[in-house]
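The values are calculated or read from the model by the stated rules, or taken from the named source; none is laboratory data. In this text the structure is predicted, and so the values were computed from the model without any measurement. Backbone-built Cβ (ideal geometry, glycine too); neighbour counts: all protein chains shown.
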Amino acid sequence: MAKDPFRIRDHVPEFDDIVAEIVRRSAETRAKVPMAADLAYGPDPRETVDLFFPQGKRDRLPVHIFIHGGYWRMFSKRDYSYVADTVTNAGAIAVIVGYALMPTVRMATIVDQVRRARQWIHDHIASYGGDPDQLTVSGHSAGAHLATMLFGEDGRPSGIKGALLLGGIYDLRPLQESFLAAEIAITDDEVERFSPINHRFDPSVRVELSVGADETPPFHNQAATLAERFERQGLAVSRTSLAAANHMSSVRDLGLGGTPAAALLARLLTV
């Protein structure tokens, strides 16, 4: 029987080891990097962000938003604090976004949450030393999907300058036939409303679409499809294949200086 190309654990033997590593490194980041934790952007207890700051004076610093993956139904912002290492080392403020998880909530709630988080950041980041006119975003897997929702609102201005989309899901329909059907049961309405390939995007956003070279075919195919859609809508797009990287090692490397993934993230902050 063929393996489900969306079931990451079946294709990444070191899955559990990588998860343990990023959780450990995230705890180290929270212990060493100046931060403001669990700032509420809404009334739900899960509607919070963590801010991480570079050393030195904070005066209109660039601001980077990271949205974690987990197929919308696992992990938390605390598991991904380590991404802030690359961001703060580049002199920017890192914002790691928390959101509620499926199936307790539906996709519409999560999309609304990340959009409200973006608005909270825009409205409040200046009081933490950030520049609301220098916002960038990245996300991995489901987080890459959610990142597109921050600049895919009928082509309207988004306040986002640039985006790094890593190993993302941009067409939800194939997930209805995957192992996720039993876990989150994505509906036809959610496919139509929340598949990025159906959206119109802010044409001013510069986008880096990246996929690990060792990812399964759907991740490469969906990135190519979305890149074509971006280009037709006038966005500046680059595509990158990360050599010898899989779905989990690629996101681990976002916080590891000297890796291609971390270099892509650092470069985004100069957009």
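For the range 219-269: of the residues being of a type in the set (Ser, Thr, Tyr) and touching a residue at least 24 places away in the same chain (Cβ under 8 Å), which is surrounded by the most Cβ atoms within 10 Å (Cβ to Cβ)? Looking at the filtered set, the residue picked out is Ser250. When Gly257 is tested against (1) closer than 21 Å to Val87 by Cα; (2) out of contact with any strand residue (DSSP E or B) (no Cβ under 8 Å at 6 or more places or on another chain); (3) not in a loop (DSSP other than H, G, I, E, B), just one condition goes unmet, and that condition is (3). The set of residues in the range 209-266 that are within 22 Å of Tyr71 (Cβ to Cβ) and among the acidic types (Asp, Glu) comprises Asp214, Glu215, Asp253.
From the list Phe52, Phe75, Phe15, the lone residue that is aromatic (Phe, Trp, Tyr) and within 20 Å of Thr259 (Cα to Cα) is Phe15. Filtered by the rule that a residue be surrounded by 15 or more Cβ atoms within 10 Å (Cβ to Cβ) and farther than 21 Å from Glu228 by Cα, the range 180-207 gives Leu180, Glu183, Ile184, Ile186, Glu190. Counting the residues of the range 31-60 that are in a helix (DSSP H, G or I) and surrounded by 16 or more Cβ atoms within 10 Å (Cβ to Cβ) gives 0. If you go through the range 219-254 and keep only what is basic (Lys, Arg) and either part of a loop (DSSP other than H, G, I, E, B) or within 22 Å of Phe151 (Cα to Cα) (or both), you end up with Arg229, Arg232, Arg239. Only residues that are buried (at least 22 other Cβ atoms within 10 Å of the Cβ) and in a loop (DSSP other than H, G, I, E, B) were counted in the range 159-179, giving 5. Do you know which of the residues in the range 1-29 that are part of a helix (DSSP H, G or I) and among the basic types (Lys, Arg) is surrounded by the most Cβ atoms within 10 Å (Cβ to Cβ)? Checking each candidate, the answer is Arg25. In the range 175-193 there is no residue that is closer than 29 Å to Ala262 by Cβ and in contact with a Pro (Cβ under 8 Å, 6 or more places away or on another chain). Please find, within the range 189-218, the residue that is farthest from Leu254 (Cα to Cα) out of those that are assigned to a helix (DSSP H, G or I) and free of Cβ contacts under 8 Å to residues at least 60 places away in the same chain. Only one residue fits best here, namely Asp189.
Here the condition is being surrounded by fewer than 24 Cβ atoms within 10 Å (Cβ to Cβ) and either in contact with a helix residue (DSSP H, G or I) (Cβ under 7 Å, 6 or more places away or on another chain) or under 22 Å from Val251 (Cβ atoms) (or both); of Ala108, Ala90, Ala126, it holds for Ala90 alone.
Yes or no, residue by residue, for (1) under 17 Å from Leu166 (Cβ atoms); (2) among the polar types (S, T, N, Q):
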site: Phe15; (1), (2): yes, no
site: Thr29; (1), (2): no, yes
site: Arg46; (1), (2): no, no
site: Asp85; (1), (2): yes, no
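With Val191, Val114 as the choices, which residue is over 21 Å from Ala90 (Cα atoms), among the β-branched types (Val, Ile, Thr) and touching a Lys or Arg at 6+ places or on another chain (Cβ under 6 Å)? Just a single option satisfies the conditions, and that option is Val191. Set side by side, the residues Arg173, Arg206 differ, and just one is within 19 Å of the chain's Cα centre (by Cα), basic (Lys, Arg) and either at pLDDT 95 or above or closer than 30 Å to Arg60 by Cβ (or both), which is Arg206.
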